[in-house]
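The next block holds one structure in the form of structure tokens; read it before the comments.
The values are calculated or read from the model by the stated rules, or taken from the named source; none is laboratory data. Predicted model, so just to flag it, every value in this text is computed and none were measured. Cβ atoms come from the backbone with ideal geometry, glycine included; neighbour counts cover every protein chain shown. Surface accessibility is based on the protein's heavy atoms, side chains included, excluding ligands, DNA and RNA. Shrake-Rupley method; radii C 1.70, N 1.55, O 1.52, S 1.80 Å.
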Amino acid sequence: MAEIRARAQAEIPAPPGMVYDLLADYQRAHQDILPPQYFSNFKVEEGGIGAGTRISFDVKSFGTTRKFEMRVSEPDPGHILVETDIATGTATTFKVERAPDGHGSLVTISTRYRRGGIAGWLEGLMAPGFLRQIYTEELKLLAARCR
């Protein structure tokens, strides 16, 4: 079974509390960091702020569009936000820390999951780079939104 990992990190020129609040606000802010070339049909199905929120959206990748439904949790409120795919259990984590220089925030977006068989092997080759590309774009949009 292939383990698939993807991660991107960036310093964001805003205080950690502000950055986290934007990420956790699925009603008004989170969709602003989703690159439109990949994401469409974003909808808040339940809740809207942080833990307990349920969202759905479509992702375009490798010539296909796939629908996702995610449940949001906050294992460490104010620092860690997790979106878990209801169908597969795959989780994407948003971690917000104070930047090392003490100014701004250090934000990490990461995903780690397993897939079996040949499809898992192929996904293991293609998905990490694709996900890093999406996460890097999300971090750029987040930085722009925080300015």
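General observations
- Qualifying residues in region 45-57 (those that are in a loop (DSSP other than H, G, I, E, B) and open to solvent by 50 Å² or more (accessible area, probe 1.4 Å)) - the one farthest from THR84 (Cα to Cα): GLY47
To keep it simple, each residue is scored yes or no on (1) farther than 30 Å from ASP101 by Cα; (2) surrounded by 13 or more Cβ atoms within 10 Å (Cβ to Cβ).
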site: ARG5; (1), (2): no, yes
site: LYS43; (1), (2): yes, no
site: VAL59; (1), (2): yes, yes
site: THR65; (1), (2): yes, no
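- If only residues of region 67-94 that are part of a strand (DSSP E or B) and open to solvent by 80 Å² or more (accessible area, probe 1.4 Å) are counted, the one that is nearest to GLN37 (Cα to Cα) is LYS67.
- Cross-chain or 6+ apart pairs with Cβ under 6 Å, region 1-18 first and among the small types (Gly, Ala, Ser), then open to solvent by 40 Å² or more (accessible area, probe 1.4 Å): ALA2/ARG115; ALA2/TRP121; ALA6/ARG132; ALA8/ARG132; ALA8/THR136
- The set of residues in region 60-109 that are under 15 Å from the mean Cα position of the chain (by Cα) and touching a residue at least 40 places away in the same chain (Cβ under 8 Å) comprises VAL72, GLU74, HIS79, LEU81, PHE94, VAL96, LEU106, VAL107, THR108, ILE109.
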